Amino acid sequence: MTWTGPSDAPPSVRIATLAPSLQPSERRVADAIAADLSDAVESTAQQLADQVGVGRASVIRTAQTLGYDGYPQLRVALAREIAFAPGRPVEGDGTAVGMLRAAVETFAASLPRVTAALTESGVQDFVRTLDEADRVLIAANGLSAPLGLDAAMRLGAAGRPAEYVPDTLAQQIAARQLGPSAVCLALSGSGANQPTLTVASAARDSGARVLALTSFANAPLVGLADTALVIPPVTDSFRDELLHTSRATLTLVLEQLVELLLDRRGERARNAHTAVLAVLSQSLRE
């Protein structure tokens, strides 16, 4: 699979979202580039090939898989990314607060890349499909399960009722009964969670449209989706995503997608918010 996202997406985003689908030799090249962008800019294709122990053709092929005509064009893109990259976060000072602060700053530095793989048409279609569907079923399991509950509550508050049940079999049963006027919203960081893939597949078989929110452009979930929004992981690799999973960026984007939905729904959304505030006012006390 080659890069099909926005042409202005930086190399590090392309590497992060395509990494699991790269061939072993390409993966070694991509990992070396991601580990030291500056060194890759200063290296020729042959020098990088010698450094990672692959043939020069593998370096060129990696650049083309990432969406560039060749390695010289990739070097130019790397130089541009370095030039506009934010400053390095402050390192921890050894205290608990210092380590926490450093982690938060590292995360903050990665935020500009969160939307780098999104396209205007993809976001517009995602929001429009959510708005127009007669029924919305949310598929989210494993570490993405909290996203499912959060999405259901936010969509409901926006006047766009959505169903989410934690049980995976219940999700599959509901998915098989959706039909052409319904939507399955599948949420999975890895895009490879088997229960979620099964639910999405069942939804497609019913004739429903599948919307996906995931972190990897080549994930199996993307192949099942009619529209997929890819949010690059804050971690450096697919392995890190599995070991040090974070759904913070997916949560952030999901919240903003609901805001776009609110704007699209206009008066309907305002009426829903009025109802929500009425309920909240009755549940609060001094």
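Of all residues in the stretch 19-67, which are in contact (Cβ under 8 Å) with a residue 60 or more places away in the chain and in contact with a helix residue (DSSP H, G or I) (Cβ under 7 Å, 6 or more places away or on another chain)?
A19, P20, A34, T65, L66, G67
When only residues in the stretch 7-34 that are closer than 18 Å to S190 by Cα and surrounded by fewer than 22 Cβ atoms within 10 Å (Cβ to Cβ) count, which is farthest from the chain's Cα centre (by Cα)? So that I can check it myself, show each step before the final result.
Taking the stretch 7-34 and keeping what is closer than 18 Å to S190 by Cα, we get 12-22, 27.
Filter once more, so that each one left must be surrounded by fewer than 22 Cβ atoms within 10 Å (Cβ to Cβ): 20-22, 27.
On the way: P20: 14, S21: 16, L22: 18, R27: 20 Å.
Checked the stretch 7-34; the qualifying residue farthest from the chain's Cα centre (by Cα) is R27.
Checking the structure you have, find out if any residue of the stretch 111-125 is at pLDDT 95 or above, in a loop (DSSP other than H, G, I, E, B), surrounded by fewer than 21 Cβ atoms within 10 Å (Cβ to Cβ) and in the same structural domain as L221 (by TED's automatic domain parsing).
no
With the condition kept exactly as written, say whether any residue in the stretch 81-90 is within 26 Å of the chain's Cα centre (by Cα), surrounded by 12 or more Cβ atoms within 10 Å (Cβ to Cβ), assigned to a helix (DSSP H, G or I) and at pLDDT below 95.
Within the stretch 81-90, one or more residues are within 26 Å of the chain's Cα centre (by Cα), surrounded by 12 or more Cβ atoms within 10 Å (Cβ to Cβ), assigned to a helix (DSSP H, G or I) and at pLDDT below 95.
Among the residues of the stretch 152-163, is any under 23 Å from A192 (Cβ atoms) and out of contact with any Leu (no Cβ under 6 Å at 6 or more places or on another chain)?
Yes, some residue in the stretch 152-163 is under 23 Å from A192 (Cβ atoms) and out of contact with any Leu (no Cβ under 6 Å at 6 or more places or on another chain).
Only one residue in D50, D8 is out of contact with any Cys (no Cβ under 8 Å at 6 or more places or on another chain) and in a helix (DSSP H, G or I), so which one is that?
Details: D8 fails: in a helix (DSSP H, G or I).
Matching residue, one of D50, D8: D50.
Determine whether the stretch 38-60 contains at least one residue that is surrounded by 21 or more Cβ atoms within 10 Å (Cβ to Cβ), under 30 Å from G122 (Cβ atoms), within 25 Å of the chain's Cα centre (by Cα) and not aromatic (F, W, Y).
Scanning the stretch 38-60, I find no residue that is surrounded by 21 or more Cβ atoms within 10 Å (Cβ to Cβ), under 30 Å from G122 (Cβ atoms), within 25 Å of the chain's Cα centre (by Cα) and not aromatic (F, W, Y), so the answer is no.
The values are calculated or read from the model by the stated rules, or taken from the named source; none is laboratory data. These figures come from a predicted structure and were not determined experimentally. We place every Cβ from the backbone using ideal geometry, glycine too, and count neighbours over all the protein chains shown.
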